[in-house]
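Presented below is the structure to which this report refers.
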Amino acid sequence: MKRQLYILAFVLFIFSCKKEGEIHHDVSGAKLLFVKTKVSGGDIIQDENIYNESGNIKTRISYKDYTAGLIFSKTAYTYESGKLIQLDEQVDLSGSTFSTQYQYSRSNFEYNGNRIIQRNHYLKIDDDYELRSFTVFSYDDFGHPVKQTRYSADGALFGYTLYTYEGNNVVLSEEYYRNEFNPEPVLSFKHSYRYDNKNNPYRKVYHSIENIPFSVNENNITETTSVNYNNYPSSAQGVRSTAPTTYVYNNLGYPSLMNENGNEFILEYK
């Protein structure tokens, strides 16, 4: 998925009930290997996904320049007894086309049974990882993550995001609330979605609280409607914008070509 979604993303695992109280991650079906950008003169690899022997995502890489080996971001996953226990991430902050300057971070996860209930986020300072924030997750009766609440390391509330669902595991809307020194966080953005009826490959690339809604939807988003509620002088408050996405599908019902706002991407699978 395009780089902006990766950066804004917050977190992990697609939950579906095998039996009461037990959640598993679906690793069956086609797995997305490469996302390529269509440009004149050829196709450029933008993203690469590597999976472990169990079929779970192992490493996710976004490239600045694939042929030169320059990485924009990289996420490595560590599992224990089938559960995700750690994410290690690096992101290039240089802003340069020809060089890199990485910031390193790490996330550890706390569980209640098979559900992740807290993500602890650490930033690497010199040789140590310092706790910078944590996120608490809430679920509905079907195992869908419906709320993620963000705190600073000292427990101060940053804000929260609410998700509503409908039908076959698709997010109908997403509301982002931020703390602006009011008694309660206030609504900042709202996104509403429409979908196709085809297979979404990003359920296997991300875990369900890692990049909602792309990580949890069974189908692909065809339209995103956004409303900005920020009360800033430079902010177009209340303005509604709509962004379409179109697809060409392969014979397994997965997107093989994606067009986002006029930008074309090729999706390749194994």
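Computed from the coordinates by the stated procedures, all read-outs in this text should not be read as laboratory data. Because the structure is a prediction, the values reported are computed rather than measured. Counting neighbours? That spans all protein chains shown, and the Cβs are built from the backbone with ideal geometry, glycine included.
Distance from the alpha carbon centroid of region 136-159 to that of region 180-233 works out to 15 angstrom. Computed from the Cα positions only, the extents of the chain along the three principal axes stand at 55, 48, 45 Å, in decreasing order.
A dipole drawn for the chain from +1 and -1 charges on Cβ atoms has a positive end, and of Gly167, Thr135, Ser107 the residue lying farthest that way is Gly167. Structure remark: mean-square fluctuation, Gaussian network model of the chain, C-alpha springs under 10 Å; the largest value among Val205, Val216, Val39 belongs to Val39. With the charge dipole of the chain set up from +1 on Lys and Arg Cβ and -1 on Asp and Glu Cβ about the Cα centre, the Cα lying farthest toward the positive end among the listed residues Ile44, Thr149, Pro185 is that of Ile44.
Taken along its principal axes, the alpha carbon cloud of region 123-270 reaches lengths of 51, 41, 37 Å, longest axis first. Where only DSSP H runs of four or more residues are counted, the chain gives -500 deg cm²/dmol as its mean residue ellipticity at 222 nm, each run worth -39500 (n - 2.57). A DSSP coil position with no more than 16 other Cβ atoms inside 10 Å describes the following chymotrypsin sites (Phe, Trp or Tyr not before Pro) in region 116-190: Phe142, Phe181.
What residue among Leu252, Leu131, Leu84 shows peak mean-square fluctuation when the chain is described by a Gaussian network model with Cα springs under 10 Å? Result for the chain, Cα springs under 10 Å: Leu252 fluctuates most. Here the chain is scanned for GluC sites (Glu not before Pro) in DSSP loops (not H, G, I, E, B) that have at most 13 other Cβ atoms within 10 Å, and the longest stretch holding none of them is 54-179. For region 3-269, the dipole from Cβ point charges (+1 on Lys and Arg, -1 on Asp and Glu) about the Cα centre works out to 300 debye, to the nearest 20.
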